[in-house]
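The values are calculated or read from the model by the stated rules, or taken from the named source; none is laboratory data. Here the structure is a predicted model, which means the values were calculated and not measured. All Cβ positions, glycine included, derive from the backbone under ideal geometry; neighbour counts span all protein chains shown.
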Amino acid sequence: MDEQLAKTIEGVSFRSKHRFLLLIVLSILIASILVLISMAMYNGSGAAQLDLSRPGYNNVRDQVITDDNDLRNYSNTGPINQSSISEFKLLFEQQSKKIETIDAFGGDPLNPQSLGISAL
Amino acid sequence: MIATVVLGGMSLINVSAQSTGMTDQQIELIRTNCLSAKTTLNQLHVSDALLRVNRGQLYESISTKLMNKFNNRIMNNNFDSTDFISISKDYGSMLDTFRLDYITYEEQLSVALDIDCSKQPVAFYDAVSSARVKRVQVHTDVVNLNQYIAQYQLILDQFEKDYLTSIEGIKN
């Protein structure tokens, strides 16, 4: 009984003696776990692929189109008449034309011959 | 254990070499052009990332700022919006596919970039080939998205025609 009491007191005194150290260790542990979770989310969600603030993207960062002011928000309320249909058609055609200008991901830049790694 | 891993890795490379049927001449060519190939891949990696960001925004805004709003508007005015909603839904699903396929492609291209092509030419060739297939898939998604936009445009024209006809009918 005395031995058990002594052990309990010993445990309590260890905790109270190293309370600050435990706090630091636990904080670092929790922070590390949170960082791991957020990194997994960052990589898994596709955010990593869209993040041009990563090193290596300095040259293209300023070419990101951040301003789409030319695309006015079409109101989802209001009547349907010739004027509202024409307004929508105009907005829609403007955006469609933007898409048609470039054949995105077209061509074959990864062709081994164009990379000079094919003997054929 | 390290020896096992190294031997395992080597055998994998050999299998890969056998599967692609590469000649010594080709392996040597990869080693020779390793640096220039890597530079090209790096440039492509960066330019494709920019394209993905700009294209993604454009496709996204067409869906949220135009299609969805117009669908709601015609629905609120008790017009038949079934075709519009159906195409918008397919477009949204294709946009999700595009996002996922781009992630797969980018990860594969990063794998290729991480390989030291002077030491592992066959693995590098295989990684580039795989990235090439995945990029083609991304392009297919883009073509499909553009087709949905064209389809939406067609039913919009038809909707306008029907609307004008019905207005004319009421006037007469």
What pairs can you find where one residue is in region A:25-40 and under 21 Å from A:Arg15 (Cβ atoms), the other is part of a helix (DSSP H, G or I) and aliphatic (A, V, I, L, M), and their Cβ atoms are less than 6 Å apart, with a gap of 6+ or different chains? none
Which of the residues spanning region B:70-104 are of a type outside the set (Ser, Thr, Tyr), surrounded by 17 or more Cβ atoms within 10 Å (Cβ to Cβ) and at the interface with chain A (Cβ under 7 Å from one of its Cβ atoms)? B:Phe70, B:Asn72, B:Arg73, B:Ile74, B:Arg99, B:Ile103
Conditions (1) assigned to a helix (DSSP H, G or I); (2) of a type outside the set (Phe, Trp, Tyr); (3) surrounded by fewer than 17 Cβ atoms within 10 Å (Cβ to Cβ): number failed by B:Ala131: (3)
Can you tell me which residue is modelled with the highest pLDDT among those in region A:67-95 that are farther than 26 Å from B:Thr165 by Cα and not aliphatic (A, V, I, L, M)? A:Gln95
If we ask which residues in region A:103-120 are exposed (fewer than 15 other Cβ atoms within 10 Å of the Cβ), modelled with pLDDT of 85 or more and at negative phi, their number turns out to be 6
Would you please list the contacts, defined by Cβ atoms under 6 Å and residues six or more apart or on different chains, that run from a residue in region A:80-103 that is within 18 Å of B:Lys69 (Cβ to Cβ) to a residue that is among the polar types (S, T, N, Q) and outside any helix (DSSP H, G or I)? A:Ile80/B:Asn77
Can B:Ala123 be described as surrounded by fewer than 21 Cβ atoms within 10 Å (Cβ to Cβ) and either among the hydroxyl-bearing types (Ser, Thr, Tyr) or over 16 Å from A:Leu110 (Cβ atoms) (or both)? no
Looking at region B:73-84, is at least one residue touching an Asp or Glu at 6+ places or on another chain (Cβ under 9 Å), of a type in the set (D, E, K, R) and either within 24 Å of A:Asp62 (Cα to Cα) or in contact (Cβ under 8 Å) with a residue 12 or more places away in the chain (or both)? no
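Yes/no per residue for (1) in contact with a helix residue (DSSP H, G or I) (Cβ under 8 Å, 6 or more places away or on another chain); (2) in contact (Cβ under 8 Å) with a residue 40 or more places away in the chain:
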position: B:Leu29; (1), (2): no, no
position: B:Val46; (1), (2): yes, no
position: B:Leu50; (1), (2): yes, no
position: B:Ile62; (1), (2): yes, yes
position: B:Lys89; (1), (2): no, no
position: B:Arg99; (1), (2): yes, yes
position: B:Gln120; (1), (2): yes, yes
position: B:Tyr125; (1), (2): yes, yes
position: B:Val136; (1), (2): no, no
Since A:Pro55 meets every condition but one in (1) part of a loop (DSSP other than H, G, I, E, B); (2) facing chain B (nearest Cβ under 8 Å), which condition does it not meet? (2)
Among the residues of region B:100-127, which ones are over 16 Å from the mean Cα position of the chain (by Cα) and either assigned to a helix (DSSP H, G or I) or of a type in the set (Val, Ile, Thr) (or both)? B:Val111, B:Ala112, B:Leu113, B:Asp114, B:Ile115, B:Pro121, B:Val122, B:Ala123, B:Phe124, B:Tyr125, B:Asp126, B:Ala127
Can you name the number of the only condition in (1) small (Gly, Ala, Ser); (2) under 29 Å from the mean Cα position of the chain (by Cα); (3) modelled with pLDDT of 90 or more; (4) under 27 Å from B:Tyr59 (Cα atoms) that A:Gly46 fails? (3)
Here the residues within region A:79-110 that are in a loop (DSSP other than H, G, I, E, B), at the interface with chain B (Cβ under 7 Å from one of its Cβ atoms) and not small (Gly, Ala, Ser) are A:Pro79, A:Ile80, A:Phe105, A:Pro109, A:Leu110
So is B:Gln137 among the polar types (S, T, N, Q), under 14 Å from the mean Cα position of the chain (by Cα) and part of a helix (DSSP H, G or I) or not? yes
